[in-house]
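Heads up: the structure comes next, in structure tokens.
The values are calculated or read from the model by the stated rules, or taken from the named source; none is laboratory data. Values in this document were obtained by computation on a predicted structure and should not be read as measured data. Here the Cβ positions follow ideal geometry from the backbone for every residue, glycine too, while neighbour counts run over all protein chains shown. For the accessible areas, the whole protein counts, side chains as well, though only heavy atoms, and no ligand, DNA or RNA atoms are used. Shrake-Rupley method; radii C 1.70, N 1.55, O 1.52, S 1.80 Å.
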Amino acid sequence: MKIIIPAREGRAVRVARGQSIRITTPMGAQAADFFAYNAQSPAEWLSANHSWVTTFNVKPRQGDVLISRFRRPMVKFTRDGANGVHDMMIAACDQFRYEFFGHKGPHASCSENLCVAMRREGHQVDVIPQPVNFFTNTTVEKDGSFTSPPNPVPPGAFVELEALMDLICVVSSCPFDLAIEGWTINAGQGPTELEAEVF
């Protein structure tokens, strides 16, 4: 089953335990905010922050097992077809971030995409978890400062994750498109679609 996630939008995908989800950026360079919930109990969600402690890294790497906020294994990162260009530190964009950067009026966001996608599955999201940001080029300097310049991810780059419990996964094609120095992310070419495939 292949699902197209239109540019700037998000989609929920159910992935049963033992199945895998492949997320692809067909045109390259498109950040993918990834969220996962226990399909049986959506109060349990994938926690990037908790995962740092067990993987000893702030970036997801092939072979890592990422855990929930209850510290239970949720997904295994089985294949990295994007050369490690990923992030687990940047919070999901929201209306307030765009206003902080000077944008006037409403703007699509990963936070809103998550809420809409989960409502379509019958669930209300009251907390926006820290996403795993695949295809996101974040660099941390020695002094602690960090930047997220345009992504050097080629067309067709992908990641594959194995579900370690029944999951509702949400993938958002990050709408960030502001030309902010050091935070251009998708702004070089603008947001593009993503693909998600369950197998």
Return the only residue of GLU181, GLU197, GLU162 being of a type in the set (D, E, K, R) and part of a loop (DSSP other than H, G, I, E, B). GLU181
Apart from one, (1) over 16 Å from the mean Cα position of the chain (by Cα); (2) more than 19 Å from THR136 (Cα to Cα); (3) open to solvent by less than 10 Å² (accessible area, probe 1.4 Å) all hold for TYR98; the odd one out is (2)
Could you tell me which numbered condition PRO155 fails, if it satisfies all but one of (1) out of contact with any helix residue (DSSP H, G or I) (no Cβ under 6 Å at 6 or more places or on another chain); (2) closer than 20 Å to ARG11 by Cα? (2)
With the requirement that a residue be crowded, with 21+ Cβ neighbours inside 10 Å and either assigned to a loop (DSSP other than H, G, I, E, B) or among the aromatic types (Phe, Trp, Tyr) (or both), what does the stretch 6-35 give you? ARG8, ALA29, GLN30, ALA31, PHE34, PHE35
Please go through the stretch 165-183 and pick out each residue that is open to solvent by less than 30 Å² (accessible area, probe 1.4 Å) and at pLDDT below 85. GLY182
Pairs returned, first residue in the stretch 104-127 that is assigned to a loop (DSSP other than H, G, I, E, B), second residue that is acidic (Asp, Glu) and open to solvent by 40 Å² or more (accessible area, probe 1.4 Å), beta-carbon separation under 7 angstrom, 6 or more apart or interchain, are SER109/ASP94
Among residues of the stretch 38-89, those that are part of a helix (DSSP H, G or I), surrounded by 14 or more Cβ atoms within 10 Å (Cβ to Cβ) and within 14 Å of the chain's Cα centre (by Cα), counted: 1
Of (1) charged (D, E, K, R); (2) open to solvent by less than 20 Å² (accessible area, probe 1.4 Å); (3) within 19 Å of ARG8 (Cβ to Cβ), GLU195 satisfies every one except (2)
